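The values are calculated or read from the model by the stated rules, or taken from the named source; none is laboratory data. Since the model is a prediction, treat every value here as computed from it, not as a measurement. Please note: Cβ atoms are built from the backbone with ideal geometry, for glycine as well, and neighbour counts cover all protein chains shown.
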């Protein structure tokens with residue numbers, strides 16, 4: 001009789017364990033059904049912000065900015081037909097930058113646009129980050145630095161030009177979203 005009672009208690013405890021486990025799983029599934037997945041969010045402060053990105057937001061934006069810089073460098077290099085940044089003489093560089101702005105953007109180049117294009121394309125390692133905000137943006141990225149650069153109309157023009165020239169179907173999803181985030185800032 002004692003043996004039957006022990007078996008009955010063991011089987012009832014197994015059943016109750018399984019029932020509890022099933023209840024917990026179904027309760028957890030009900031909770032998870034109403035939640036937005038954590039993947040694709042970035043945190044601003046402590047409040048998550050839905051972005052749809054696979055990678056971290058700062059990494060995506062930084063790589064997008066580098067793609068913008070590379071895009072303009074390749075186009076300038078093809079147009080001016082020089083091979084390396086080091087071989088460009090300052091006087092010739094100004095002439096090439098003026099020609100590039102006239103041809104690509106269809107506007108009369110001014111000193112500010114030439115200066116910004118020069119600073120974006122030809123970042124020297126010896127430049128002081130406080131003097132070259134673009135070097136600071138590319139190497140020590142922060143959202144505030146991006147907003148400060150996007151207030152400058154000619155820098156914004158470089159990003160817009162990239163977004164219109166590059167076919168969005170060739171970009172991956174993160175790059176598309178990253179460019180949109182940059183343009184919206």
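Can we say residue 170 is more than 15 Å from the chain's Cα centre (by Cα) and assigned by TED's automatic domain parsing to the domain that holds residue 72? So residue 170 fits the description; yes.
Between 156, 135, which is more than 16 Å from the chain's Cα centre (by Cα) and part of a helix (DSSP H, G or I)? Break it down stepwise before answering.
On the way: 156 fails: more than 16 Å from the chain's Cα centre (by Cα).
Checking each option against the conditions leaves just 135.
When segment 80-100 is examined, which residues are found to be under 19 Å from residue 70 (Cα atoms), out of contact with any helix residue (DSSP H, G or I) (no Cβ under 6 Å at 6 or more places or on another chain) and at pLDDT 75 or above? 93, 94, 98, 99 - these are the residues of segment 80-100 that are under 19 Å from residue 70 (Cα atoms), out of contact with any helix residue (DSSP H, G or I) (no Cβ under 6 Å at 6 or more places or on another chain) and at pLDDT 75 or above. Does residue 129 qualify as being more than 14 Å from residue 67 (Cα to Cα), at pLDDT 85 or above and part of a loop (DSSP other than H, G, I, E, B)? Here the answer is no, as residue 129 does not meet what is asked.
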